[in-house]
Protein chains: 2
Amino acid sequence: MSEAITRFKELCSPIWNLYSVRSLLYWDQQVLMPGGGASARADQIAALEKVCHGMLTDPHFKSTLEEAEEAAGEDIDRRYLRSARRAYDLAAKLPSRLVEERARATALAVEAWVEAKKTNSFAHFLPHLRRVFDLTREVAEHKGYAQHPYDALIDEYEPGMTTAKIDALFGGILPSLVQLVQAIAASPPLPRRILQQAFPFQGQHEFSRYLLESIGFDFERGRLDQSAHPFCSSSTSSDVRMTDRLDEWLVTMSIFGSLHEGGHGLYEQGSPREWNSTPLAGGCSLGIHESQSRMWENFVGRSLPFWKAHFPKMRSLFPEQLWGYSPEDMYRAVNYVEPSFIRVEADEVTYTLHVVMRYELERDMITRALDPADLPQAWNEKMQKTLGITPPNDSLGCLQDIHWSDGLIGYFPTYSIGNVVAAQLWRKIRTDLPDLDRQTEAGNHAPLLGWLRHNLHRYASSVSPEEALFEATGGEELDHRPFVDYLWDKFSKLNEIQRP
Amino acid sequence: MSEAITRFKELCSPIWNLYSVRSLLYWDQQVLMPGGGASARADQIAALEKVCHGMLTDPHFKSTLEEAEEAAGEDIDRRYLRSARRAYDLAAKLPSRLVEERARATALAVEAWVEAKKTNSFAHFLPHLRRVFDLTREVAEHKGYAQHPYDALIDEYEPGMTTAKIDALFGGILPSLVQLVQAIAASPPLPRRILQQAFPFQGQHEFSRYLLESIGFDFERGRLDQSAHPFCSSSTSSDVRMTDRLDEWLVTMSIFGSLHEGGHGLYEQGSPREWNSTPLAGGCSLGIHESQSRMWENFVGRSLPFWKAHFPKMRSLFPEQLWGYSPEDMYRAVNYVEPSFIRVEADEVTYTLHVVMRYELERDMITRALDPADLPQAWNEKMQKTLGITPPNDSLGCLQDIHWSDGLIGYFPTYSIGNVVAAQLWRKIRTDLPDLDRQTEAGNHAPLLGWLRHNLHRYASSVSPEEALFEATGGEELDHRPFVDYLWDKFSKLNEIQRP
């Protein structure tokens, strides 16, 4: 390795190590920090951001980066530098003051959101929401954009993505999705009494751990805990932490929450260990990340072979509740399609409608077309219009997600990108692994995980999202059709309906 | 405030915030980090140390410090600067490489120690122990010392303390202590059948929390968890985390472990919130810190009024075990004096003998008079000579404490300094609070905590240990006699013996 590159990597090491510490601070805050620690934690995160920002924007960093770029060949170092350059460019555009203010504001806003959600008090959250959007608008202006301020935001989570592309993607999906929802609504509902029971916490927790171990999550390099909003936080690939939520009367929340976060967790654990705390570590974009979580949650977890494999274990944990039921009963129940309030609990079909709604609201709050004070009303109207229902309170409405409090604006569309990418990967996987259904039915998820490890996970952040997709699918670009086909194929069989 | 001081405080803010993050990383590693995360965590801690060290030793830091020192009056800013100057001086003497190496070595050594203790394998720990002592010796050389390399180490934990002063202190205590142990051994043993029973975990945990709440620990600003070795880690005064250990057959371990860590925790929670993550925050030395933990553990927790207050609660949690017993039975049992293997479980009288032994061993490993490979043998011989017993294995012997793995060399003597200071404070408190026994008997610990808050805690790190002691006692210097008097007074009554 050239000396210039070694020198540059030495500069990067403390920065990316501190980034990995930040992930841990975040996890700790959500999972177990005492409430009184919020303000001090906000200061800690702000200090960490400031120090990283200072190191990244030091003129010496830039000149060393440029020397390294000069020296690098067309190998992995080139990718290391590309990823570091992206971080540098993002940081150099933002004044240190703004980075720090945003970190402090979002740490306090998350705390306020937890409280507001608990007490159903939007008013308690509003000043924080307004502050976060004000700062985010400033961020967009500093980053710059060609067409739309929102472009500057989405690019942070999904490099290369734009407002126009998202509009086109959603435009391609929506008409067919609306048709599907209507067709399902007109057909007899699937039976779901099996789920309309209480499932004690202890068994739920045990089943979640069992499922995560079954799909290959390594608990020597990770944890599962509980928090208000499920998430996966990877400090390094050796320490990947997920959370879920438990509700006695909604066992699907822990099952599919765990599988969802488990999909994120497997991707993170697949990042090569030697890349820990470097610009090459972790997932390459949120959309690609979400393709992994949605794949394990829906494509795998809501399939019949999956329930043939794991229903016996669930029945052994809940013998009373599941007496007389079959894997097929479970399969039908977990695929019940119905407009509902909570995005993370939504079925595969209506889910995208939730995402579109959030996308429109946050885009409009960025352009000031919508004032944050009017969010609850706008939310409720949009939900009534799109899904035909109105949430009874803000905790089940605009306060349900952590994203806006945490400054994650431009993030929601990546959920739908994830579904689209998952469907593209799934089509390729079914070709490459003709025995997949039989393997899944036998509870053997190793071939699927092996495929993902080999074709996607091991590249971690060394590839762009486009390259990752291209590499894994053998040459495809983002394409909404496999997703639409997958949904129609699955649900026309389940609900005995015809695709027009 | 002068501009020079404001500028300097701005420089300090990220550094002390990162120090407070380091405390959290340490806590996380001990309490819940997955085992596979050890190596990455070592890298994170090393990076954090390196960044802090770099900021502290930047020439700009020094010049800004000097300008601030020029500008400061005789107020709290002067104390802020004195504390910052101490950190600067310590850091400036240590090369960045050494700081980083030590951080990485101790993180790995702690992990190895946990494993070695679990499997009773000193060989597994030895290379780590050797490495830590090698690096610590280097540290002492860099720091410099007048008389003894160990002086350079103890000074880090107890500013102003020296090997010669410790020898004098221990010399003043030991003869009288040996007399006391012998006199107790020659008297009929106190009954302790009340403790020789199994106490289920759930009740122990509940009783610990109850006691901590009773003495005034604020759980909105702290936590209690479990770990292999009990400790208290304060990230800020708003987030103070303690751990204890539970053993079904040794209920005193959780009771006195919690009270001990609770004493540390109360001191940390008493540090003014506006000083969080600044050079003024936290305890002023380990000896003063230990005076707080030993006071709550022994002077309060092993007193008769304390058990009159809290025995009823304990009996309600363990009705079967405690049926027919009285607070007096508990008082006598928890004051049973007997040479034993484990320092943290030792009684008040033999405890100091444990400390002296560790002090001599680590001092000798620093001077190379003792090779780490010979530690188990030296340990066992010394314990046989001092306490008349030999541990059956290294887990109960030289592997019992976390300190050496964590590079905390020069730390053990502060435990005895803590006992001595506690006795001096206790004498003053009994004068200032003539109703203390009656208040304690009523379970009202607020007057005592109030006294400590007012006379000690609120000064946090703004004072030196000498100043803290002087301030709180109304003018005293370190004096071993109140400690010896306290022990003789208490145990001559309990064991019906005469002081010669």
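The values are calculated or read from the model by the stated rules, or taken from the named source; none is laboratory data. Computed from a prediction, not measured in an experiment: that's the story for all the values here. A quick note on method: Cβ atoms are made from the backbone with ideal geometry, for glycine too, and the neighbour counts reach across all protein chains shown.
Are any residues in the range A:215-230 under 21 Å from A:Ser461 (Cβ atoms) and either without any contact (Cβ under 8 Å) to a residue 24 or more places away in the chain or in a helix (DSSP H, G or I) (or both), and if so, which ones? Listed by number, the list holds a single entry, A:Arg221.
Does B:Ser233 satisfy the condition of being farther than 25 Å from B:Tyr336 by Cα, small (Gly, Ala, Ser), within 14 Å of another protein chain (Cβ to nearest Cβ) and assigned to a strand (DSSP E or B)? Let's see the steps before the verdict.
Details: farther than 25 Å from B:Tyr336 by Cα: yes; small (Gly, Ala, Ser): yes; within 14 Å of another protein chain (Cβ to nearest Cβ): yes; assigned to a strand (DSSP E or B): yes.
Yes: the conditions hold for B:Ser233.
Residues that are assigned to a loop (DSSP other than H, G, I, E, B) and surrounded by fewer than 17 Cβ atoms within 10 Å (Cβ to Cβ) within the range B:193-209 comprise B:Gln196, B:Gln197, B:Ala198, B:Pro200, listed in sequence order.
Go over the candidates B:Arg86, B:Arg102 one by one and state the one that is surrounded by fewer than 17 Cβ atoms within 10 Å (Cβ to Cβ), within 24 Å of the chain's Cα centre (by Cα) and away from chain A (no Cβ under 11 Å). Steps first, please.
On the way: B:Arg102 fails: surrounded by fewer than 17 Cβ atoms within 10 Å (Cβ to Cβ).
The match here is B:Arg86.
Mind listing whichever residues of the range A:215-230 are facing another protein chain (nearest Cβ under 8 Å) and not small (Gly, Ala, Ser)?
Step one: of the range A:215-230, the residues facing another protein chain (nearest Cβ under 8 Å) are A:218-223.
Selection gives A:Asp218, A:Phe219, A:Glu220, A:Arg221, A:Arg223.
Please verify whether B:Leu212 is closer than 30 Å to B:Trp275 by Cβ, in a helix (DSSP H, G or I), touching a residue at least 24 places away in the same chain (Cβ under 8 Å) and in contact with a helix residue (DSSP H, G or I) (Cβ under 8 Å, 6 or more places away or on another chain), treating the condition exactly as stated. I'd like the intermediate steps shown before the answer.
Details: closer than 30 Å to B:Trp275 by Cβ: yes; in a helix (DSSP H, G or I): yes; touching a residue at least 24 places away in the same chain (Cβ under 8 Å): yes; in contact with a helix residue (DSSP H, G or I) (Cβ under 8 Å, 6 or more places away or on another chain): yes.
Answer is yes for this residue.
For the range B:1-27, taking the residues that are in a helix (DSSP H, G or I) and polar (S, T, N, Q), the one that is nearest to the other protein chains (Cβ to nearest Cβ) is identified as B:Asn17. In summary, A:Gln30 fulfils each of the numbered conditions (1) polar (S, T, N, Q); (2) free of Cβ contacts under 8 Å to residues at least 24 places away in the same chain; (3) more than 10 Å from chain B (Cβ to nearest Cβ) with the single exception of condition (2). Taking the criterion of being out of contact with any Gly (no Cβ under 7 Å at 6 or more places or on another chain) and either modelled with pLDDT of 95 or more or of a type in the set (Ser, Thr, Tyr) (or both), the residues of the range A:256-272 that qualify are A:Ser258, A:His260, A:Glu261, A:Gly262, A:Gly263, A:His264, A:Gly270, A:Pro272.
Considering every residue within the range B:371-379, establish whether at least one is in contact with a Phe, Trp or Tyr (Cβ under 7 Å, 6 or more places away or on another chain), under 23 Å from B:Glu156 (Cα atoms) and assigned to a helix (DSSP H, G or I).
Kept after step one, since they are in contact with a Phe, Trp or Tyr (Cβ under 7 Å, 6 or more places away or on another chain), are these residues of the range B:371-379: B:372, B:376.
Among the residues that remain, those that are also under 23 Å from B:Glu156 (Cα atoms) are: B:372.
Subsequent filtering for residues that are assigned to a helix (DSSP H, G or I) retains B:372.
Yes, the range B:371-379 has at least one match.
Residues in the range A:34-76 that are within 13 Å of another protein chain (Cβ to nearest Cβ) and surrounded by 14 or more Cβ atoms within 10 Å (Cβ to Cβ): 22 in all. In the range B:462-479, the residues that are closer than 15 Å to B:Glu158 by Cβ form Cβ pairs under 6 Å with partners that are surrounded by fewer than 17 Cβ atoms within 10 Å (Cβ to Cβ), at six or more places apart or across chains, as follows: B:Ser464/B:Pro159.
Evaluating B:Ser23 against the criteria (1) touching a strand residue (DSSP E or B) at 6+ places or on another chain (Cβ under 8 Å); (2) among the hydroxyl-bearing types (Ser, Thr, Tyr); (3) surrounded by fewer than 17 Cβ atoms within 10 Å (Cβ to Cβ) leaves one unmet condition, (3).
Is there a residue being away from every other protein chain (no Cβ under 14 Å), buried (at least 19 other Cβ atoms within 10 Å of the Cβ) and touching an Asp or Glu at 6+ places or on another chain (Cβ under 7 Å) anywhere in the range A:261-282? Yes, the range A:261-282 has at least one match.
If you go through the range A:367-382 one residue at a time, do you hit one that is within 19 Å of A:Ala109 (Cβ to Cβ), free of Cβ contacts under 8 Å to residues at least 24 places away in the same chain and among the acidic types (Asp, Glu)? Yes: the range A:367-382 contains one or more residues that are within 19 Å of A:Ala109 (Cβ to Cβ), free of Cβ contacts under 8 Å to residues at least 24 places away in the same chain and among the acidic types (Asp, Glu).
Screening the candidates B:Val114, B:Val132 for the property of being in the same structural domain as B:Gly37 (by TED's automatic domain parsing), on the phi < 0 side of the Ramachandran plot and touching a residue at least 60 places away in the same chain (Cβ under 8 Å) yields one hit, B:Val114.
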